[in-house]
Amino acid sequence: MVWDINGKQGNESAKIRWEIVPYTRGRGVDVGCGPYKAFDHFIGLDNGHHQVFGHSIKPDVQIETAEKLDLFASGSLDFVFASHLLEHIPPGAPCVKTLKEWMRVLRHGGYLILYVPADDLYPKVGEVGANPDHKWNCNYDSILELMEQVPGWDLVDYQKRNEDDEYSLFFVFKKVGKGIHFSWRNEKPKKSAAVVRYGAFGDLLQASSVFAGLKAQGYHVTLYTSPPGSDVISHDPNIDRVILQDKDQVPNHELGAFWEAIRKKYDKFINLSESVEGTLLAMPNRIMHTWEPALRHKYLDVNYLELQHEIAGVPHKPKVRFYATVEEKEWAVKERRKMHPTGPIVVWSLAGSSVHKTWPYLDNVVASIMLRFKDSQVVFVGGPEAALLEGGWEKEPRVHRRCGVWSIRETMAFLDQADLIVGPETGVLNAAACLQTPKVLFLSHSTEKNLSRDWVNTVSLSSINTVCPGRGNNEAPACHQLHFGWNFCKRGEKTGIAQCQEDILPEMAWKPIEAFLNARNEKAA
């Protein structure tokens, strides 16, 4: 649109806030924020000038002028955002000085985001209706003329925003080492798809099968996700762009509006949020969580991956995969060599992200492996919190304690070196789903149909005759519930571990483990 004196005015940043999400993670400032900040995590800076126009302004930090950000060290910010501010600064040298200062406080790779009125959509200086405080008229060429005097950037996004109530130009400059670059001019994909998937490691790895399906259909794939789950898909060749969001960067109650806005950018928009959690795993305070166990099992005993494929509109051909880099693969080979193996290597994932994702008879079975297979090696993997479960094996040279030592990517890269992978419903086991490597999986809140029905070379173990809040009097083979603590999950009296895990007895696990290791040794002989 062209500016209308009767149109919406006074909160220009609200018109662009969904566009700036990809560039405003971390710590940054909203310079000249006025009475509004684009997002709560921004540091609002203002000199209070607009109080003369009747606005009450209480910025986070009061500054004298936008030309001086002395409070911030060089390279200390992830982004600088300025909405309808630059045109208030005298043109020429003062503007260049301001832009240099804003670039100074940015880290390498940080973003300078400018939103300014377009001179062909908004009254020019001196014309009727023009803001009397504007000092010059903004257009693409005039902004670039200023920025050319502040080299070391890449213009990664540029838009002329003239729909609805906008009459502005949008620029995003990424701070780079040297030169002037224009990535925004790169050829746009002919067929684009966006996938929204926040979640833990296992959630993102399941989604890797969807990415592969979309890529096979010819889509340029953009993923909206969050750390740390994003770590495990950071080198997935089926993803063309990853847009990271920090926790609450977009507040939960505004996610719907954000998704609706970004949907318009893509030919295909796939939202996998709560495609498992909340849909097939009932969450506390949701109605399905209160259903009787048998009823919940009747309706939630659906394959997680197959549903995600249906949501995405891609054929259900499971292609769950972790993609290690060349360097990670080389590292994994060296780590195996360090262990001097002459026999099988068992990777054991000790714990997952919830209280029920731990199996209590670890020591019994590992001891049996040590005794029965004299040349075997066992590698414990997990996060720092799982290191406690490694206790007692400090003096056994064939047991390698790597919880909290290896990163999640290192752990998953090492799976290719394993002869057997064992553990509960963790991201590590999900990473191995389509590997030919044998697996023994301890199910807890999921059934085999839910999770591992289509896994390769896998024995899935689940408890029998379990009585707990989620399964009632053994009325269902799984609770189909998400657990954030012990409120709805019963501790076993013998071990203090979740009842469904306590009921998977050592001999149940030993039988497939022994069979897999025997088969491996016979093949190697």
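Where a number appears in this text, it was derived from the coordinates with a stated rule and is not lab data. Remember, it's a predicted structure, so these values are computed and weren't measured experimentally. No Cβ is skipped: glycine too gets one built from the backbone with ideal geometry, and neighbour counts run over all protein chains shown.
Data overview
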item: Cβ charges +1 (Lys, Arg) and -1 (Asp, Glu), total dipole of the stretch 192-312, debye; result: 240 debye
item: Length-normalised contact order for the chain - Cα pairs under 8 Å, 6+ apart - percent; result: 11 percent
item: For the stretch 460-478 and the stretch 316-367, distance of Cα centres in Å; result: 27 Å
item: Karplus 3J(HN,Hα) series, Hz, for the stretch 143-148 with 6.51 cos²θ - 1.76 cosθ + 1.60 (x for Gly, Pro); result: 5, 5, 4, 5, 5, 5
item: The stretch 448-462 - phi-based ³J(HN,Hα) in whole Hz, Karplus 6.51/-1.76/1.60, Gly and Pro as x; result: 4, 4, 4, 10, 10, 3, 9, 5, 8, 6, 10, 9, 9, 10, 9
item: Of L77, V96, N47, farthest towards positive along the dipole that unit charges on Lys, Arg, Asp, Glu beta carbons give the stretch 33-122; result: L77
item: Identified option (computed semi-axes √(5λ) of the Cα gyration tensor in Å; candidates [x] 69, 31, 23; [y] 53, 25, 21; [z] 37, 26, 23); result: [y]
item: DSSP-loop GluC sites (Glu not before Pro) across the stretch 163-208, with at most 10 other Cβ within 10 angstrom; result: E163, E187
item: About the Cα centre, charge dipole magnitude for the chain (Lys/Arg +1, Asp/Glu -1 at Cβ), debye; result: 1440 debye
item: Partners for K319 among lysines (Cα-Cα distance below 16 Å; same-chain residues under 8 apart left out); result: K215
item: Residues with amide H under 5 Å from that of Q481, placed H, sequence gap 5 or more; result: A282
item: Label-point separation in nm, E493 to M283, each point 7 Å along Cα→Cβ; result: 3.5 nm
item: Qualifying GluC sites (Glu not before Pro) for the stretch 419-493 [loop in DSSP, other Cβ within 10 Å: at most 10]; result: E493
item: Calculated [θ] (222 nm, deg cm²/dmol) that DSSP helices of n ≥ 4 give over the chain, each run adding -39,500 (n - 2.57); result: -7000 deg cm²/dmol
item: Cleavage-rule hits, trypsin sites (Lys or Arg not before Pro), the stretch 184-236, DSSP coil, Cβ neighbours within 10 Å at most 15; result: K190, K191
item: Relative exposure of L280, L305, judged by other C-beta atoms within 10 Å (fewest first); result: L280, L305
item: Acute angle (nearest 10 degrees) that the helix 326-338 long axis makes with the longest principal axis of the chain, alpha-carbon atoms; result: 30 degrees
item: Net charge dipole size for the stretch 12-185 [Lys, Arg +1 and Asp, Glu -1 on Cβ; Debye, nearest 20]; result: 660 debye
item: Charge dipole (the stretch 326-524, unit charges on Cβ, about Cα centre) - positive-most of W331, L435, F488; result: W331
item: Rounded if a/c under 1.5, otherwise prolate or oblate - the stretch 351-449, Cα gyration tensor axes; result: rounded
item: Cross-link pairs beyond the 32 Å C-alpha cut-off, checked among K124/K174; K247/K338; K439/K494; K191/K298; K449/K494; K317/K523; result: K247/K338; K191/K298
item: Antiparallel bridge percentage (DSSP; both residues within the stretch 12-185; nearest 5); result: 45 percent
item: 3J(HN,Hα) from dihedral phi, the stretch 29-38, Karplus parametrisation 6.51/-1.76/1.60, rounded to Hz, x for glycine, proline; result: 10, 10, 7, x, 5, x, x, 10, 10, 5
item: Reachable aspartates and glutamates, given that their alpha-carbon falls under 17 Å from the alpha-carbon of K15 and they are not under 8 places away in the same chain; result: D4, D30, D40, D157, E163, D164, D165, E166, E254, E260
item: Model label zone, A14; criterion: amide N under 14 Å from point 7 Å along Cα-to-beta-carbon; scope the stretch 145-171; result: 165-166
